[in-house]
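One structure, as C-alpha cells, below. Some questions next.
The values are calculated or read from the model by the stated rules, or taken from the named source; none is laboratory data. Just so it is clear, the structure is predicted and the values come from calculations on it, not from any experiment. Quick reminder, even Gly has a Cβ in these numbers, built from the backbone with ideal geometry, and neighbours come from all protein chains shown.
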Amino acid sequence: MKLNLIRPLAFFDLETTGINVGSDRIVEIAILKAMPDGSELVKTLRIHPEMPIPLQSSLIHGIYDEHIADAPKFKEVAAEIAEFIGDADLAGYNSNRFDIPVLLEEFLRVGVDFDMTGRKFVDVQNVFHQMEQRTLRAAYKFYCDKDIVNAHSAEADIKATYHVLLAQLDRYENVDFEDKQGNISQPVKNDVEALHAFTNMNKPVDFAGRMVFNENDEEVFNFGKHKNKTVEHVFDTEPSYYAWMKQGDFPLYTKKKLEEIWTRWNKKKELSRAAKIPSAPKPAEQANAVKPKPAAPAQPRPQQAGGQVRQPAQQPKKEKPAVSVTPDMLEQLKMKFGK
C-alpha cells in the first residue's frame, strides 16, 4: 500500500545514551523520508554524544564508546539533519513521548531553529495500543475469547486475570522470545520463578521504578540528575540527596527502600572507621600490666685523687633566720646568767 501524502513524512528513530529526555544524548539517528511520489530517502548518522555511553544502554542498542569515538558531534551535523527533514511531517514508534522531544532538545542546545509550526506527528505505537488495547477486558477477550461479566468488580476481574494467565501458559508453551540483546529463550513456563523473572525484567527496587538494580545487582537511581549512578555512590558524594528524597513527594515504599539502603550504607561507614582506629586496651589488661619502677636518684660517686678516696664535699649548713629579741627574752637571760 502506498501512503497518501501531500508532503513528505519523515520516519525517524534515535539511539541514545539513556531515556532521560532532558539530559541524555543522541548516538545514532536514522531517518526514512517517504515522499509523495512513493520514493524513499534514507539517512543514518552516528553521533558523538559528548558523554560516556552507559553500559546498560550499550547492551540494548549495541553502540559503545569506541564506535562513536571519531563520529561528529551533533552541533556539527544539526544543520544537515534539519535540512534533510525539511518541512516533512514526523513519524516514529513512541516518537511523541521520546524521539521528538529528544531531537528538539538537541536542536535547542546548538541553537538550530527547527520550526515545528504546522507539522503533523504520527506515533505508530499509539495506533497499536489504541487498536489493540492492553486492558484486562481486551486480554480476556484475546486469550479466552470471552467477555468479562461485571467488569471492574474485584472478584470478576481477579477471576479473569487468573484465567488469562492459564491461557497464556497454554498459548506460549515452547514459544521463542527474543529480547533486546537478541537472546532467544522460552520464558513463559508453568513455573512461578520463571514467570517472576520474565515479568520483572527491569528489576525495580521500589516498584515505582525510581530505583532499579543494575547488572551487578546494585541499586541505582532511575531518574533525575543521578540517573544510572549507584545509590551508595550518591550517598558518598551528596548525602543530602537522601534528605531531599525523604522530604519529597515520593511513594512511601520508595522512601522505605531508600532508608534501608541508607542504614546499610551507614553501617559500612561505621565499620570502615572502626577498622582504621587501633583498639584501646581493656580495663583488665590495664590492671595486669607491669608498671615500670621509677629510677632511683643518682648518687655522686667518690672521686680518686692520689690513690685516696676523696670524700664528697659537705654541703654548708643553712643558717637559721634571725629572730628579733623581745623584753621577755632579755629577762630570761639575766635570770640564767645571774646578771
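Here is a list of conditions, (1) more than 30 Å from D217 (Cα to Cα); (2) under 31 Å from the mean Cα position of the chain (by Cα); (3) among the hydroxyl-bearing types (S, T, Y), and T117 meets all of them except one; can you say which number that is?
Going through (1) more than 30 Å from D217 (Cα to Cα); (2) under 31 Å from the mean Cα position of the chain (by Cα); (3) among the hydroxyl-bearing types (S, T, Y) one by one, T117 breaks only (2).
Please go through (1) in contact with a helix residue (DSSP H, G or I) (Cβ under 6 Å, 6 or more places away or on another chain); (2) not in a helix (DSSP H, G or I) for D147 and return the number of the only condition it doesn't satisfy.
Looking at each condition in turn, D147 falls short on (1).
Further question: For V234, which of the numbered conditions (1) modelled with pLDDT under 95; (2) surrounded by 18 or more Cβ atoms within 10 Å (Cβ to Cβ) fails to hold?
Going through the list (1) modelled with pLDDT under 95; (2) surrounded by 18 or more Cβ atoms within 10 Å (Cβ to Cβ), V234 breaks only (1).
If a residue must be farther than 17 Å from M211 by Cα and modelled with pLDDT under 85, how many such residues does region 240-296 contain?
21
Does region 204-243 hold any residues that are at positive phi and hydrophobic (A, V, I, L, M, F, W, C), and which are they?
Within region 204-243, F207 is the sole residue that qualifies.
Within the group I81, I31, I63, which residue is crowded, with 18+ Cβ neighbours inside 10 Å, over 33 Å from the mean Cα position of the chain (by Cα) and not in a strand (DSSP E or B)?
Just one listed residue meets the conditions, I81.
For every residue, the table says whether it meets (1) surrounded by fewer than 15 Cβ atoms within 10 Å (Cβ to Cβ); (2) in a helix (DSSP H, G or I); (3) without any contact (Cβ under 8 Å) to a residue 24 or more places away in the chain; (4) acidic (D, E).
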| position | (1), (2), (3), (4) |
| --- | --- |
| D217 | yes, no, yes, yes |
| V220 | no, no, yes, no |
| K225 | yes, yes, no, no |
| T254 | no, yes, no, no |
| E260 | yes, yes, yes, yes |
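Going through region 184-211 one residue at a time, which ones are out of contact with any strand residue (DSSP E or B) (no Cβ under 9 Å at 6 or more places or on another chain) and not aliphatic (A, V, I, L, M)?
Matches in region 184-211: K189, N190, D191, E193, H196, T199, N200, F207, G209.
Consider V175 carefully, then state whether it is at pLDDT 90 or above, in contact with a Cys (Cβ under 7 Å, 6 or more places away or on another chain) and not assigned by TED's automatic domain parsing to the domain that holds D249.
Against the criterion (at pLDDT 90 or above, in contact with a Cys (Cβ under 7 Å, 6 or more places away or on another chain) and not assigned by TED's automatic domain parsing to the domain that holds D249), V175 does not qualify.
On to the next question. From T117, T44, grab the single residue that is in a loop (DSSP other than H, G, I, E, B), of a type in the set (V, I, T) and assigned by TED's automatic domain parsing to the domain that holds E15.
The match here is T117.
Go through I81, I68 for me and flag whichever is β-branched (V, I, T) and in contact with a Lys or Arg (Cβ under 7 Å, 6 or more places away or on another chain).
I68
A follow-up question, please. Residues of region 143-158 being surrounded by 15 or more Cβ atoms within 10 Å (Cβ to Cβ) and free of Cβ contacts under 8 Å to residues at least 12 places away in the same chain, which ones?
Correct list: A156 only.
Something else now. Look at region 173-187 and say how many of its residues are under 31 Å from the mean Cα position of the chain (by Cα) and either more than 20 Å from L59 (Cα to Cα) or not in a strand (DSSP E or B) (or both).
Here the count works out to 6.
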